[in-house]
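The values are calculated or read from the model by the stated rules, or taken from the named source; none is laboratory data. Only a predicted model underlies this, so the values are computations on that prediction, with no experimental measurement involved. As a convention, Cβ positions derive from the backbone with ideal geometry for all residues, glycine included, and neighbour counts pool all protein chains shown. Just the protein is used for accessible areas: all its heavy atoms, side chains included, with ligands, DNA and RNA removed. Shrake-Rupley method; radii C 1.70, N 1.55, O 1.52, S 1.80 Å.
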Amino acid sequence: MLIQLEPAISSENREAIIDRIKAVNYKVTEVTTQRAHYLIGIGKADFDIRTVGQLPGIVDIHRVSDDYKLVSRKWRVRPTVLDLGDGVRIGEGTLTLAAGPCSIESEAQMESIMQHLVDNDVRIMRGGVFKPRSSPYSFRGLGMDGLKLFHQLARQHGIKIVTEVMQVSQVEEMHDYVDVFQVGARNTQNFNLLDALGGVDKPVMIKRGISGSIEELLSSAEYVFSGGNEKLILCERGIRTFETASRNTLDLNAVPVLKEKTHLPVIVDPSHGIGIRDYVADMALAGVMAGADGIIYEAHEKPEQAASDGAQTLNFAESARLIRNLRRVYALRQELE
């Protein structure tokens, strides 16, 4: 079961609730987040939860059978909407767009991309400063110096930043320079990293694992939420299958499934999802029609010169056309709804 406690609950009332739950042989875990204080009760005994729910100090109580309880839509029916500040929001009721290069390469590159985003009224830039690469000889990012410059330029342009964190030791040093921490596909089950991100008051975007299931993605989000951070975004970025015609298989089935299972925002990454530039736009539009709250894709002034992932990166003309079409398709989706 999941219990939300009153913000000013007395210690006596809290202990009485815990004792009542333990009395039916349930294990109790306390979770305190930026927004609320919860008790998670795990057990098998069948009993009337109203006998607990009537105790003083309880705001709400629900049976949640899913292993992922805090991120489940079974108790929080209203969708979570994240506010990044300056009018930038992510969640149901808006279409959020984020674009940028796979890797941050130089000041000139960042300036050109940010201007492209400003010209097209896109308020979030993606870009990696720490890059997990399959080959140790590939470009692996500009590191903290690159992130500090990225942050400085982004603030000058009114742009929010989403960038990947790869290990626990980076969380603290990156904290003041990012707006959204990205957990990449290779780290979706890096539980030490997820625990660490549960302790920060910044949004975290979790990408689906390379061969991960929807349940595993939700469980990863549960790690962060249970650590104290409710500011979560889920990203469908394609999974590895037997198909070789594309880099990955973009599982658009996941979008409506996730929207039913969780109250968290769901966005789609078509660049990694298919890995072929000619198809990225079509898959992005399909993601919007599937119900995604946002699209994150790769853009670069000259993709053929990109330090990484140029084959799946849109140039500025392609990106501008996609942005216009995404907004048109989103408007059509709203009409159909």
Name the single residue that is surrounded by the fewest Cβ atoms within 10 Å (Cβ to Cβ) among those in the range 1-21 being of a type outside the set (A, V, I, L, M, F, W, C) and in a helix (DSSP H, G or I).
S11
Within the range 325-337, the count of residues that are among the basic types (K, R), in contact (Cβ under 8 Å) with a residue 12 or more places away in the chain and open to solvent by 30 Å² or more (accessible area, probe 1.4 Å) comes to 1
Matching residues in the range 119-146 - criterion: being at pLDDT 95 or above and either β-branched (V, I, T) or not in a loop (DSSP other than H, G, I, E, B) (or both)
D119, V122, I124, M125, R126
Which members of the range 295-311 meet the condition of being buried (at least 24 other Cβ atoms within 10 Å of the Cβ) and not in a loop (DSSP other than H, G, I, E, B)?
I295, I296, Y297, E298, A299
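Could we say that S308 is in contact with a helix residue (DSSP H, G or I) (Cβ under 9 Å, 6 or more places away or on another chain), touching a residue at least 12 places away in the same chain (Cβ under 8 Å) and not basic (K, R) here?
no
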Please enumerate the residues belonging to the range 182-197 that are surrounded by 20 or more Cβ atoms within 10 Å (Cβ to Cβ) and either among the acidic types (D, E) or over 22 Å from I159 (Cα atoms) (or both).
A185, N187, T188, L193, L194, A196, L197
Just checking, how many residues over the range 252-305 are more than 17 Å from G184 (Cα to Cα), touching a residue at least 24 places away in the same chain (Cβ under 8 Å) and among the acidic types (D, E)?
3
Cross-chain or 6+ apart pairs with Cβ under 9 Å, the range 130-156 first and aliphatic (A, V, I, L, M), then at pLDDT 95 or above and in a loop (DSSP other than H, G, I, E, B)
L147/V178; L153/I159; A154/D179
Please go through the range 31-75 and give me each residue that is acidic (D, E) and touching a residue at least 12 places away in the same chain (Cβ under 8 Å), ordered by number.
D60, D66, D67
Within the range 81-101, the residues that are open to solvent by 10 Å² or more (accessible area, probe 1.4 Å) and in a loop (DSSP other than H, G, I, E, B) are V81, D86, G87, E92, G93, T94, L95
Return yes when D179 is open to solvent by 10 Å² or more (accessible area, probe 1.4 Å), under 21 Å from the mean Cα position of the chain (by Cα) and among the acidic types (D, E) and no when it is not.
yes
Residue check for S213: over 14 Å from the mean Cα position of the chain (by Cα), closer than 23 Å to Y330 by Cα and among the hydroxyl-bearing types (S, T, Y):
no
Do we have any residue at all in the range 46-53 that's of a type in the set (S, T, Y) and more than 23 Å from the chain's Cα centre (by Cα)?
yes
Filtering the range 219-238 down to residues that are within 18 Å of G184 (Cβ to Cβ), open to solvent by less than 10 Å² (accessible area, probe 1.4 Å) and not hydrophobic (A, V, I, L, M, F, W, C) yields S220, N229, E236, G238
